[in-house]
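The block underneath contains the structure these notes are about, expressed in structure tokens.
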Amino acid sequence: MYSQETINVQRKYDWYARFYDALWIEKRFFKNVRESTITGIGGKVLEIGVGTGRNLPYYPTHARVTAIDFSKKMLEKAKRRASNLGRDVDFYLMDAQNLAFPGDSFDYVVGTFVLCTIPDPLQALREVKRVMKDGGTAIFVEHVLSRYRPIGLVERLCNPLTNTMFGFNVNRDTRQNIIHSGLYITHDEELAFFDVLRRFTCMKSRR
């Protein structure tokens, strides 16, 4: 059963689904970030927060992709995109905070712009760690709280608006959340907007 906070975010994304693919930043910038993140991933893959399926075109054909989202409307769009691409993807309406998969199930777990929306990102990250295989990899692309004070201040001031209207947060310290979950960060890349847009590559345990 979803928490009330999760239900509130879910409703926002059900509404948001009709507009998401029209966002200019998605078409002009995020496309390249998604492609560089997804290309080369193989094996058994779990994507959390698949949204409308914007990552689906970039998975190699040999990747066995399972995709979840807690928004029914977003998931419907993702299913249509997979069908149009001729991709065989297993879709589930599911909460990343409570994954209904056995432990040690996936070679890769992918999340793009999703840890900013989940009410309890730390719990979701713990679930990601649980379902990853030993030696598996998790990759997250996120906009996060900047280390630069002026940018961080703007993010904190804007966050009540973005959270209330769209259900996402712009002031989360995702790096610390990943560390607290028990995952180990092997790469922390600054992609754009100084250090706001970041890509984290994580392992289940130290090697």
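Read-outs: derived from the displayed coordinates by stated rules, not from any lab. Predicted model only: the values in this text are computed from it and were never measured. All Cβ positions, glycine included, derive from the backbone under ideal geometry; neighbour counts span all protein chains shown.
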*asked:* within 20 Å of residue 177 (Cβ to Cβ), of a type in the set (Phe, Trp, Tyr) and over 14 Å from the mean Cα position of the chain (by Cα): is that true of residue 106 in this structure?
replied: yes
*Run residue 188 past the list (1) in contact with a Leu (Cβ under 7 Å, 6 or more places away or on another chain); (2) closer than 24 Å to residue 42 by Cα; (3) of a type outside the set (Val, Ile, Thr) and report the number of the one that doesn't hold.*
(1)
*Kindly establish whether residue 117 is within 20 Å of residue 201 (Cα to Cα) and either touching a residue at least 24 places away in the same chain (Cβ under 8 Å) or among the aliphatic types (A, V, I, L, M) (or both).*
yes
*asked:* For the list (1) closer than 23 Å to residue 131 by Cα; (2) in contact with a helix residue (DSSP H, G or I) (Cβ under 6 Å, 6 or more places away or on another chain), I need the number of the one condition that residue 46 fails.
replied: (2)
_Residue list for the stretch 35-65, filter: closer than 16 Å to residue 88 by Cα and among the acidic types (Asp, Glu)_ = 47
_If the requirement is being of a type in the set (Phe, Trp, Tyr) and closer than 23 Å to residue 16 by Cα, which of these qualifies: 113, 106, 101?_
113
_Quick test for you: out of 147, 130, 198, pick the one residue that is closer than 20 Å to residue 51 by Cα and of a type in the set (Lys, Arg)._
198
